[in-house]
Amino acid sequence: MNKKLIPISMIFFLLAGCAMFAPPPLPAQSEPVAQAVSANVISDPTAEQQPVAEQQLSAETSATIPNMTGFTLTSPDVVDGGRLPAEYTCDGASSTLALNWSGAPTNTQGYAVIMHHIPGPGDSHWYWVVYNIPADVTSLAKNVSGIGTLGTNSVNDRNEYAPPCSKGPGDKEYIYTVYALSAQPQITTSPVNRAALLDGIKDITLASAELHVVYARP
């Protein structure tokens, strides 16, 4: 009887010892849960990708918003700071330069254009004075006529364009200026030279833009 019970008790003892020294089982759900959370963070389109989308939208919006204060004056025949072709001077055909402007304030009611040159301190010459230009006109063609009202020039005091014909060697700078006006000027003095026009538009000028050119007589 005792010989049969001893092997059975030893079996129970061995099983109990194995259970005591066996490592505890790992949590079955811990690793899959961590992986699932990590996957949700990466793939969630509203998490890390949202700021990128907002930056792209902001950049696209900025690119399509016009610069309302950027009033500019350009010419198809000369760049700002460039050399005026002889055709527009007394050494050529004495043509008027083609001009384009853009970006005027929305409440602009008309424009005026002046071309002048400052030979020295306290002195100025002017060659082209045009005012009463309608608000829907944003360019003057080469040798333009029939648009606006001509003022006088300082070369012959006539109501016409006088091409630059400055004496002396070296480059001379000439400045084209367009003025955006809140109303058409009411000028009662005569003749309408550069000073008279500037005085007549000083309180109605919304913005102005310049184009600078240089010329040296041969």
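The values are calculated or read from the model by the stated rules, or taken from the named source; none is laboratory data. It should be emphasised that the depicted structure is a prediction, and the values quoted were computed from it without experimental measurement. Because the Cβ atoms are built from the backbone with ideal geometry, glycine has one as well, and the counts that use them run over all protein chains shown.
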| Boolean, Val137 is surrounded by fewer than 17 Cβ atoms within 10 Å (Cβ to Cβ) and in the same structural domain as Thr89 (by TED's automatic domain parsing) | yes
| task | With the condition kept exactly as written, say whether any residue in the range 168-186 is in the same structural domain as Asp123 (by TED's automatic domain parsing), over 22 Å from Phe71 (Cα atoms) and in contact with an Asp or Glu (Cβ under 8 Å, 6 or more places away or on another chain). | result | no
| task | Go over the candidates Thr188, Thr152 one by one and state the one that is polar (S, T, N, Q), surrounded by 15 or more Cβ atoms within 10 Å (Cβ to Cβ) and either touching a residue at least 24 places away in the same chain (Cβ under 8 Å) or assigned to a loop (DSSP other than H, G, I, E, B) (or both). | result | Thr152
| field | Verdict on Val137 being β-branched (Val, Ile, Thr), closer than 22 Å to Thr74 by Cβ and touching a strand residue (DSSP E or B) at 6+ places or on another chain (Cβ under 6 Å) | value | no
| query | So how many residues does the range 191-218 have that are aliphatic (A, V, I, L, M) and assigned to a strand (DSSP E or B)? | reply | 6
| task | Go through the range 191-215 residue by residue and tally those that are in contact with a Leu (Cβ under 8 Å, 6 or more places away or on another chain) and not acidic (Asp, Glu). | result | 9
| request: Among the candidates Tyr179, Tyr174, single out the residue that is in a strand (DSSP E or B) and either closer than 16 Å to Tyr88 by Cα or modelled with pLDDT under 95 (or both). | output: Tyr174
| Among the residues of the range 97-116, is any more than 32 Å from the chain's Cα centre (by Cα), assigned by TED's automatic domain parsing to the domain that holds Leu197 and loosely packed, with under 15 Cβ neighbours inside 10 Å? | no
